[in-house]
Amino acid sequence: MLSKRIIACLDVRNGQVVKGINFGGLRSAGDPAELARRYNAEGIDELVILDITATIEARRALADTIRAVARELFIPLAVGGGIRTEADAAAAVEAGADKVSLNTAAIADPGLITRIAERYGSQAVVVAIDAKRAAPDSDRFAVFARSGQADAALDAVAWAREAESRGAGEILLTSIDRDGTKAGFDCAMTAAVSSAVSIPVIASGGAGGLDHFVDVFTMGKADAALAASIFHYAETSVRALKLHLRQHAIPVRL
């Protein structure tokens, strides 16, 4: 069985890492390069930088931040936020990104997925899907664009399938309902998408304790799990999490 990956996410605004709840109420969580250095030393498997206001402000992800973080890493780095064109993707890769994450731009122009995959390979293309339940007890998950601000009129499962067909190498699936709540991942949503595609699915939104990762790797069928708050504020360590997963027979790299 392939090892499950633990991924740390740096939500960046104005050059600083921030974290909120349900995509709002942001507070500072530190310097991106310092956090990257710490996570690299602690044994995180990958790092994601999301420039959370780049799309709203109609600009590229901040190249200086990408370069500063990339200098600290010997692990894969994915960059999202403001990747609207092939030129934006090229700028991120030139600054040090190994992968680019597409969200709003891919919804507006699904062909962008294919064009970037043809240029850099599918392994370099992550399609980020921000979704929430259509109703509290619904098994339908609605996709939102523009940092969760705009209903994209898409179903998360169907959109994940299309993204794969167009060349995406991974899906980064974030539950808006669970984001920052520490109430646990939305395992039902993760399982629905994971079962629908053959590419890896990264679960995001809601990590608050070690058992939440156990749940999303088992019930949620995730290939990787992403967290922010519990790592940023040292509520747990990467090694403690990986040892806990090993105790539950979940393969991880130590």
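The table for this structure:
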{"read-out": "Stretch gain in nm, segment ASP211-ALA90, where the contour uses 0.36 nm per residue and the Cα spacing is subtracted", "value": "39.7 nm"}
{"read-out": "Segment 92-144 and segment 198-254: distance between their alpha carbon centers, rounded to Å", "value": "21"}
{"read-out": "Order of MET1, MET219 under a 10 Å beta carbon neighbour criterion, fewest first", "value": "MET1, MET219"}
{"read-out": "Whole-percent pair-distance distribution, where bins are 10 Å wide, for the alpha carbons of segment 5-247", "value": "8, 36, 40, 15, 0"}
{"read-out": "The chain: relative contact order in percent, alpha carbon pairs under 8 Å with at least 6 residues between", "value": "19"}
{"read-out": "Cβ-based exposure ranking for LEU243, LEU2, LEU77, LEU173, in which fewest neighbours within 10 Å come first", "value": "LEU2, LEU243, LEU77, LEU173"}
{"read-out": "Likely footprinting exposure, LEU226, LEU210, fewest C-beta neighbours within 10 Å first", "value": "LEU210, LEU226"}
{"read-out": "Relative contact order %, segment 124-238, counting alpha carbon pairs below 8 Å whose residues are six or more apart", "value": "22"}
{"read-out": "Mean ellipticity per residue at 222 nm, deg cm²/dmol - from DSSP H runs of n ≥ 4 across the chain, formula -39500 (n - 2.57)", "value": "-9500 deg cm²/dmol"}
{"read-out": "Relative contact order (%) - segment 89-177, alpha-carbon pairs under 8 angstrom, separation at least six", "value": "31"}
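A short reminder: the numbers here are calculations on the coordinates, not readings from a lab. Remember, predicted model here, so these are calculated numbers, not experimental data. Using ideal geometry, Cβ is built from the backbone for each residue, glycine included, and neighbour counts are taken over all protein chains shown.
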